[in-house]
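Have a look at the structure below, then the notes.
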Amino acid sequence: MLDGRAVVLVGMMGAGKTTVGRRLAARLGRHFVDSDEEVEKAAGMSIEDIFATRGEADFRAGEVRVIARLLKDRDLVLGTGGGAFMNAETRALVKASAVSVWIKADFELLFARVQRRSNRPLLKTANPRQTLQELIDRRYPTYAEADVTIVSRDVPQDQVASDVIEALLLHLGDRDG
């Protein structure tokens, strides 16, 4: 179905990339990798610690290297960090060797989900609602460059995984036809 291309999930923190990605990989007979987890392994510290000690620029540089390495595996569903697709080099790598899927979610759903976790360094601000809205405003136009867009809803993530598979079939059918 995917002509030996990886599937790369992009979108905001809290959109469901990891949860949907795991389900999607199982249904496609592929393995799932979370790029944030791989960056943490490579650095030997948490993303929060990378941001605190080395800064966002160093984190992003490591993220590009890790994603480039991971994309050599074509039998993969890759969940990326929220800012990964914003990097032009990463976008070019993804476009060259994968099918990208934007898991788009509305503000309230994202905010409800990210509030449940404390490991979101970009939201450790005086006004996390405003910060999240600013990130959405800045990132959504770039996320829209993904091959496929799926709307994440407050439904079981298996349903969102089904939506992704359906959209991939439509996208690949259009491309091949």
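The values are calculated or read from the model by the stated rules, or taken from the named source; none is laboratory data. Keep in mind it's a predicted model, so treat the numbers as computed, not measured. Here Cβ is always computed from backbone atoms with ideal geometry, including for glycine, and neighbour counts include all displayed protein chains.
Quick notes
- When the test is whether a residue is surrounded by 13 or more Cβ atoms within 10 Å (Cβ to Cβ) and within 20 Å of L2 (Cβ to Cβ), S152 does not pass it.
- Within the range 81-100, the residues that satisfy the criterion of being of a type outside the set (A, V, I, L, M, F, W, C) and within 14 Å of D147 (Cβ to Cβ) are R91, K95, S97, S100.
- Condition check for G83: crowded, with 18+ Cβ neighbours inside 10 Å and at pLDDT 95 or above: no
- Filter result for S46 (closer than 22 Å to V114 by Cβ and out of contact with any Ser or Thr (no Cβ under 8 Å at 6 or more places or on another chain)): yes
- In the range 15-72, the qualifying residues are those that are farther than 23 Å from A88 by Cα and of a type in the set (K, R), and the one that is nearest to the chain's Cα centre (by Cα) is R22.
- Of the residues screened, S35 is one that is touching a Gly at 6+ places or on another chain (Cβ under 8 Å) and either within 28 Å of D158 (Cβ to Cβ) or at pLDDT below 95 (or both).
- Taking the range 10-112 and the strands (runs of 3 or more DSSP E) fully enclosed by it, the elements with 1 or more residues that are of a type in the set (D, E, K, R) are at 31-34, 98-104.
- With respect to the conditions (1) assigned to a loop (DSSP other than H, G, I, E, B); (2) free of Cβ contacts under 8 Å to residues at least 12 places away in the same chain; (3) of a type outside the set (F, W, Y), L2 lacks only one, and its number is (2).
- From the list A52, A57, A61, A92, the one residue that fits, being touching a residue at least 12 places away in the same chain (Cβ under 8 Å) and among the hydrophobic types (A, V, I, L, M, F, W, C), is A52.
- Residue within the range 144-163 that is more than 16 Å from A15 (Cβ to Cβ), at pLDDT 90 or above, in a helix (DSSP H, G or I) and touching a strand residue (DSSP E or B) at 6+ places or on another chain (Cβ under 9 Å) present: no
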